[in-house]
1. Just name one of A:362, B:25, A:265: the one whose Cα is farthest towards the positive end of the charge dipole of the protein assembly as shown (beta-carbon charges, Lys/Arg +1, Asp/Glu -1).
2. Quick check: from the Cα gyration tensor, does the stretch A:264-387 come out rounded (a/c under 1.5), prolate or oblate?
3. Under the rule a/c < 1.5 gives rounded, and otherwise a/b versus b/c splits prolate from oblate, where does the stretch A:194-320 land using the Cα gyration tensor?
4. Report, in degrees rounded to the nearest 10, the 0 to 90 angle that the Cα long axis of helix A:92-109 makes with the longest principal axis of chain A.
5. With the contact rule set at Cα under 8 Å and sequence spacing of 6 or more, what percent relative contact order holds for chain A?
6. What percentage of all Cα-Cα pairs in chain A are separated by more than 26 Å?
7. Restrict the search to chain B; then list the GluC sites (Glu not before Pro) that DSSP places in a loop and that have at most 10 other Cβ atoms within 10 Å of their Cβ.
8. Under the definition of Cα pairs under 8 Å and six or more residues apart, what whole-number percent is the relative contact order of the stretch A:1-143?
Amino acid sequence: MTIASLPTPTAWTDNKRYLWPLGALVMFLPLAGTIGYQLTGWTISLWLGFFILYGLIPMADRLLGEDDANPPDAAMESLAKDSYYRWALFISVPVYLGMWAYMVWFAVSQTLPWYGWLGVVLSLGVGCGLAINIGHELGHQTSPLERFLAKLTLAPGFYGHFYVEHNRGHHTRVATPEDPASSRFGESFYEFLPRCVYGSFKSAWEIEKKRLTREGKSVWHWSNDNLQSWAMTALLWGAMIAWLGWIALPVLIIAAVYGGSLLEVVNYLEHYGLMRQKRADGGYERCQPHHSWNSNHVVTNVLLYHLQRHSDHHANPTRSYQTLRNFEDVPRLPSGYAAMILLAYLPPLWFRLMDPKVVEHHGGDMRKANIKPAIREQVIARYAQPA
Amino acid sequence: MKKWRCLVCDYVYDEALGWPDEGIAPGTKWADVPAGWSCPDCGASKGDFELVED
């Protein structure tokens, strides 16, 4: 594992320090699109959030390239303790909640053609998807305030189960066939999505049931983290419906479903085909850096709070975003996560680009890969080296 | 003897039991567990554990 370090580590400064609030600023973009529409009358302006996600961010990643900044050991402690970073993250929560309420109001109160309405709802959905990533970062922190904010941030998109399932489910089963959130070789995004969503809800429920049973409580006890998160969703959605009427419900549902699908398409990228090997005693080897796909493009690094430095995230899950590091010798995607999302939507292209990478990673021995069960034997035989 | 819980997945390291599978004898204090040791369930680092208060 090589970490690029500077000759004078004490003098190290974070060159992205003042860029981190951009994660909160992008939450204004769907709203900016509606203002643009009111000023110009151009319906296309309502799709702003959507175009930025699929167009501007992948393009900017390509133009601005990779992010060579890595905090050296000597800078880690002060970087982790610097409360500026906590606040740079916190600020995104009220911005998101305000944007969410405004966009729902805008979608139901304005007279829009259907394609304008859809632009508003999907741009809102982009915000919901980004918010799940913010909830992810907050949900890994240990203070009660951060954990509360994590649930609150997941609530508008009805994704509270993620708070439970991600830490105690995904992080323990990552890169195994048992993990609903680890994609398998030969599995398209469209096969992965329903398996992952259903499996994650089920897993979240079982994890909390097990914990509460151990504590001698019913699964319906108020301290069930799933119930707490869903109650927040019921409260927020109920308030919007009380204010705007039932006409708000399709907006809430479509934005939540689309936002959730964005989180899951990123899940799809993160561990595709990678698998932890079984030990002699039947358990899995520990999750290691070669069990995650990484990217290090600067724009997506900032907007996703270093989520792409994914190997380090699994090795040090409570490490906050500003301290995550890029490693050289880990599985690497050809572009930033934002561009890879587009590819994941087009399975033939995805398979053509990624399958050779997975085969190469395993040196042709596909017995070591996480493969869709229906094609497992066939794949192993196809790539087996002649003895 | 103390217990340390993984903040990510709730695995508990019990000093009384150690982790003999990996050569960490029963009775090994948390401070004496090697720095590079990680959570057997989720792979989180030693720094991701906290002392269990009884």
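1. A:265
2. Oblate, since a/c reaches 1.5 and b/c is not below a/b.
3. Judged from the Cα gyration tensor, the stretch A:194-320 comes out oblate (a/c at least 1.5, b/c at or above a/b).
4. Taking Cα atoms only, the helix is inclined about 50 degrees.
5. 22 percent
6. 54 percent
7. Those that pass, being in a loop and sparsely packed, are B:53.
8. Averaging sequence separation for qualifying contacts and normalising by length gives 38 percent for the stretch A:1-143.
Each reported figure results from applying straightforward, stated rules to the coordinates on display, with no laboratory input. What you are looking at is a predicted structure, and each value in this text was computed from that prediction instead of being measured. Here Cβ is always computed from backbone atoms with ideal geometry, including for glycine, and neighbour counts include all displayed protein chains.
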